[in-house]
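Trainee: Before anything else, here's the structure in question.
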Amino acid sequence: MKATIPQNAEVYQSANDKPSEGDFRSDVKQIMLDIVKFFHDNDLPFTVNIYPFLSLYLNQHFPVEYAFFDGNGQTIPDNGKNYDNVFDANYDTLVYALNKAGIKDMKIIVGWPTDGHKYATPKLAEKFYAGLMKKLAKDVGTPLRPEKLEVYLFGLLDEDMKSILPGPFERHWGIFRYDGTPKFMLDFTGQGRKIVPVAAKDEVGPDLDYACYHGDCTAMLYGSTCSNLDKIQNISYAFNMFFQIQGQDVRACDFRGSAMITKNNASVGSCLFPIQIVSGSGDFRISYVFGRFIVAGLILLGLVTFCYFTISMFYYSTHHIIIITNTINLDEVGPDLDYACYHGDCTAMLYGSTCSNLDKIQNISYAFNMFFQIQGQDVRACDFRGSAMITKNNASVGSCLFPIQIVSGSGDFRISYVFGRFIVAGLILLGLVTAI
């Protein structure tokens, strides 16, 4: 196994903006030479991040077409070679710097964001990737190195929790959105076909992650007793561990209909599917629906419980977002808006981004909804001192989409913290009565 550390393109430069003058910056040159020598001695690739988008972001006077591969930008001559795009020029600047250090090989990483800046749009990302794929398909390389390039694309998915200190576009480098849907047409073969990447179809992945995070999947790690299970057995083991740790609560067996309870022993060889709770004689369990009424009767909140569960199941039976109420006082919402943006993601509302033209009401709704989604659609994240409410209506405005990052199943209801404590107390009392 070989490892490498991607370097930022800022570690090298050219005194006259021509590739042939490329060299590592004087303030980091010795460090870079040490790194380059280490990579060379251990037969490791030198990897660099080249983002033509950043040339537009950092320099408002940078020629826009020079960031793409259409050949419509200016041409820069250099030692008998012509450069008509910044990618080739940047790449060969590094090649010259590496040659001066005695290194011949390297790999590159490249990408284009789709939000958070006026040039960070799906349309321009599609244009950039289309040109890049055509270039890679032809194996033409760069003027200084006219050979096949090995390129890694950044990135696959948007990252909603990534730092935006380098720029508000940092969360939007993905070819796919947060929910796995593609943003623009992209033909990886470089033939220029009007096709889009296939949307994510892994429906069990989030449930598996959830089960392992709140359960115990350590026995499935490499070298452990359950490390040789196939994919179905892996998922079954994870779901069962979560089910057992949750006290064999039938609601912990939902997983959007992908799991079921069985009395059969699912153990595989030395990998045992544990049963952490053994019921008394007769294996008596109370069904979820009937159990609700018993609990309600024990804690004298039958009517409230029934109404609460009914409303919860109605609210969370489909996709839902959050918008502000009609009675909101716009002069008092400032601190809540700041809080939502700080803990959420408001980069799409910045100048030139997809949601930069919203009015004040829509701006606040977008910010509150992003916070609500990132918090897992927890009803407590919809409070904002009474200024917001949950709705099933699509609040998107034009090209500004109000995202839904979590889709609740038909039985996926949530219980408030305060009321939930009464339910727990009732269940404990129910357990005592049942034991007697």
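Trainee: Accessible area of W112, 1.4 Å probe, to the nearest 10 Å²?
Mentor: 0
Trainee: Charges at C-beta only: +1 for Lys and Arg, -1 for Asp and Glu. How large is the resulting dipole of the stretch 12-108 about its Cα centre, in Debye rounded to 20?
Mentor: On the way: 8 positive and 14 negative charges, 42 e Å.
Once rounded to the nearest 20, the dipole reads 200 debye.
Trainee: Mind checking the log10 I(q)/I(0) for the stretch 201-249 at q = 0.16, 0.26, 0.32 Å⁻¹? Debye, one equal scatterer per Cα, no solvent, two decimals.
Mentor: One equal scatterer on each Cα of the stretch 201-249 leads to -0.41, -0.98, -1.22.
Trainee: Convex hull volume of the Cα atoms in the stretch 165-263, per residue, in Å³?
Mentor: Here the figure is 199 Å³ per residue.
Trainee: Here's a follow-up. What is the percent of Cα-Cα separations in the stretch 108-155 that go past 15 Å? Spell out each step's value before the answer.
Mentor: On the way: 565 of 1128 pairs.
Pairs farther apart than 15 Å: 50 percent.
Trainee: Here's another thing I want to ask about it. Using the Cβ atoms and a cut-off under 12 Å, what net charge is assigned to the surroundings of N90, where Lys and Arg are +1 and Asp and Glu are -1? Please list the in-between numbers first.
Mentor: Numbers: positive: K18; negative: E10, D17, D88, D92.
Combined, the nearby Lys, Arg, Asp and Glu give -3.
Trainee: Okay, moving on. What is the spin-label model distance, in nm, from L156 to Q74 if the labels are put 7 Å beyond Cα along the C-beta direction?
Mentor: Label-label distance for L156 and Q74, simple model: 4.0 nm.
Trainee: Over all Cα pairs of the stretch 166-221, how is the pair count split among 5 Å bins, expressed in % and running from 0 up to the last occupied bin?
Mentor: Going from the shortest bin to the longest, the percentages are 4, 15, 15, 15, 15, 14, 12, 7, 4, 1.
Trainee: By accessible area of protein heavy atoms, probe 1.4 Å, what ranking do K183, K100 get, highest first? Don't jump to the answer; show the numbers that get you there.
Mentor: On the way: K183 25, K100 115 Å².
Correct descending sequence by accessible area is K100, K183.
Trainee: Assuming a viscosity of 0.890 mPa s and a temperature of 25 °C, what translational diffusion coefficient in µm² per second does Stokes-Einstein assign to the stretch 84-229, Rh being the Kirkwood radius over Cα pairs? Don't skip to the end; give the middle numbers.
Mentor: Details: Rh = 18.2 Å.
This corresponds to a translational diffusion coefficient of 135 µm²/s.
Trainee: Would you kindly compute the Cα radius of gyration of the stretch 1-73 and its largest Cα-Cα separation (Dmax), both in Å?
Mentor: 15.0, 44
Trainee: What's the whole-number percent of alpha carbon pairs in the stretch 6-143 lying beyond 22 angstrom?
Mentor: On the way: 3690 of 9453 pairs.
Every Cα pair in the stretch 6-143 considered, those over 22 Å come to 39 percent.
Trainee: For V397, enumerate residues with amide H under 5 Å from its amide H, sequence gap 5+ or separate chain, H modeled in the peptide plane.
Mentor: It is F402, by chain and number.
Trainee: How large is the Kirkwood hydrodynamic radius of the stretch 81-164, in angstrom, based on all distinct alpha carbon pairs?
Mentor: Working: mean 1/r = 0.0690 Å⁻¹.
Computed over Cα pairs of the stretch 81-164, the Kirkwood hydrodynamic radius comes out at 14.5 Å.
Trainee: Along the charge dipole of the stretch 344-407, Cβ charges K/R +1 and D/E -1, which of G386, F402, T347 sits furthest on the positive end?
Mentor: G386
Trainee: Which of the pairs K81/K135; K18/K100; K2/K138; K29/K81; K148/K183 have their Cα atoms more than 21 Å apart in this structure? Could you put the intermediate results ahead of the total?
Mentor: Working: K81/K135 17 Å; K18/K100 15 Å; K2/K138 28 Å; K29/K81 26 Å; K148/K183 28 Å.
The pairs that break the limit, which is 21 Å between Cα atoms, are K2/K138; K29/K81; K148/K183.
Trainee: How large is the Kirkwood hydrodynamic radius of the stretch 62-101, in angstrom, based on all distinct alpha carbon pairs? It would help to have the intermediate numbers written out before the result.
Mentor: Details: mean 1/r = 0.0939 Å⁻¹.
Hydrodynamic radius (Kirkwood, Cα pairs) of the stretch 62-101 is 10.7 Å.
Trainee: What figure, in Å² to the nearest 10, do you get for the accessible area of C253 with a 1.4 Å probe and non-protein molecules left out?
Mentor: For C253, solvent-accessible area is about 20 Å².
Trainee: Filter the trypsin sites (Lys or Arg not before Pro) in the stretch 194-251 to those in DSSP coil with at most 10 other Cβ atoms within 10 Å of their Cβ, and list the result.
Mentor: Values: sites: K194, K201, K231, R251; in loops: K194, K201.
Qualifying residues, ordered by number: K194, K201.
Trainee: Which three numbers, in whole Å and largest first, are the semi-axes of the equivalent ellipsoid of the stretch 124-208 derived from its Cα gyration tensor as √(5λ)? Walk me through the numbers on the way to the answer.
Mentor: Numbers: eigenvalues 145, 62, 28 Å².
They are 27, 18, 12 Å, listed largest first.
Trainee: Order the following by accessible area, largest value first: L144, L165. Probe radius 1.4 Å; ligands, DNA and RNA are ignored. Working shown, then result.
Mentor: On the way: L144 45, L165 160 Å².
So, going from the largest accessible area down, we get L165, L144.
Trainee: Using a cut-off of 13 Å between beta-carbons, work out the net charge of the residues near F273 (Lys and Arg +1, Asp and Glu -1, F273 not included). Mind dumping the intermediate values first?
Mentor: On the way: positive: K263; negative: D216.
It works out to a net charge of 0.
Trainee: Taking only the alpha-carbon positions of the stretch 218-282 and ignoring solvent, what does the Debye formula give for the base-10 log of I(q)/I(0) at q = 0.14, 0.27 Å⁻¹?
Mentor: At q = 0.14, 0.27 Å⁻¹ the computed log10 ratios are -0.42, -1.30.
Trainee: Determine the principal axes of the Cα atoms in the stretch 127-177, then give the extent along each, sorted from largest to smallest and rounded to whole angstroms.
Mentor: Here the spans come out as 38, 21, 17 Å, largest first.
The values are calculated or read from the model by the stated rules, or taken from the named source; none is laboratory data. Not measured: the values here are computed from a predicted model. Every residue, glycine among them, receives a Cβ derived from its backbone with ideal geometry; neighbour counts consider all protein chains shown. Just so you know, the surface numbers come from the protein's heavy atoms only, side chains and all, with ligands and any DNA or RNA stripped out. Shrake-Rupley method; radii C 1.70, N 1.55, O 1.52, S 1.80 Å.
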